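The values are calculated or read from the model by the stated rules, or taken from the named source; none is laboratory data. This structure is a prediction, so every number in the text was calculated from the model and none was measured. Here Cβ is always computed from backbone atoms with ideal geometry, including for glycine, and neighbour counts include all displayed protein chains. Calculation scope for accessible area: heavy atoms of the full protein, side chains included, ligands and nucleic acids excluded. Shrake-Rupley method; radii C 1.70, N 1.55, O 1.52, S 1.80 Å.
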Amino acid sequence: MPLPHFELSSSQYRLLAETVLSSLPDPATEEDAQLEWSARGLNWEDPELDVSELIFLGLVSREQGLFAMTHLGAAVHYRAVYEAAEERLAAVAMLAEAAENVGPRFSRAVRRLAQGSFSFGEALAEVARND
């Protein structure tokens with residue numbers, strides 16, 4: 001079954017990332033919960049957060065005064081992490097291609113490392129190689 005695509009706010013993705021680490025207390029039921037949210041870089045009153053939407057979508061559950069990530073929420077979180085890493089890797093590969101006239105061996109090694117055809121050690125050896 002394919003993973004559905006969700007358009008979430010950056011605050012909602014941040015909440016998912018935090019609930020991967022551990023459940024969060026519900027600020028509506030615990031006095032110290034707002035302090036924990038603040039300590040973890042979250043703002044309960046952020047209008048973009050909309051925890052009720054995350055619960056409705058099945059990404060987060062509220063049980064016994066805690067917000068916890070669901071399996072679907074974990075899948076959405078890790079897909080977002082993967083996509084962000086993929087974008088950074090593509091940017092590194094584009095930088096290597098743009099710098100090809102500066103250091104062709106370096107850019108070739110970076111490109112092959114990004115593609116997975118070189119290990120880190122092989123890329124270092126390629127850069128250090130003297131022709």
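When the range 59-77 is examined, which residues are found to be over 15 Å from Pro25 (Cβ atoms) and surrounded by fewer than 14 Cβ atoms within 10 Å (Cβ to Cβ)?
His71
Does the range 37-58 hold any residues that are open to solvent by 70 Å² or more (accessible area, probe 1.4 Å) and in a loop (DSSP other than H, G, I, E, B), and which are they?
Asn43, Trp44, Glu45, Pro47, Glu48
Given the conditions (1) modelled with pLDDT of 80 or more; (2) of a type outside the set (Asp, Glu); (3) open to solvent by less than 80 Å² (accessible area, probe 1.4 Å), report the number of the one that Ala93 does not fulfil.
(1)
If Ala28 meets every condition in (1) part of a helix (DSSP H, G or I); (2) at pLDDT 80 or above; (3) open to solvent by 60 Å² or more (accessible area, probe 1.4 Å); (4) not polar (S, T, N, Q) apart from one, which number is that one?
Status for Ala28: all satisfied but (1).
Consider Arg105 carefully, then state whether it is closer than 30 Å to Ala125 by Cβ, basic (Lys, Arg), open to solvent by 50 Å² or more (accessible area, probe 1.4 Å) and in contact with a Lys or Arg (Cβ under 8 Å, 6 or more places away or on another chain).
The answer is yes for Arg105.
Name the residue, out of Gln34, Gln12, that is assigned to a helix (DSSP H, G or I), touching a helix residue (DSSP H, G or I) at 6+ places or on another chain (Cβ under 7 Å) and farther than 30 Å from Gly116 by Cα.
Gln12
Residues of the range 51-71 being more than 18 Å from Ser22 (Cβ to Cβ) and touching a Phe, Trp or Tyr at 6+ places or on another chain (Cβ under 9 Å), which ones?
Leu57
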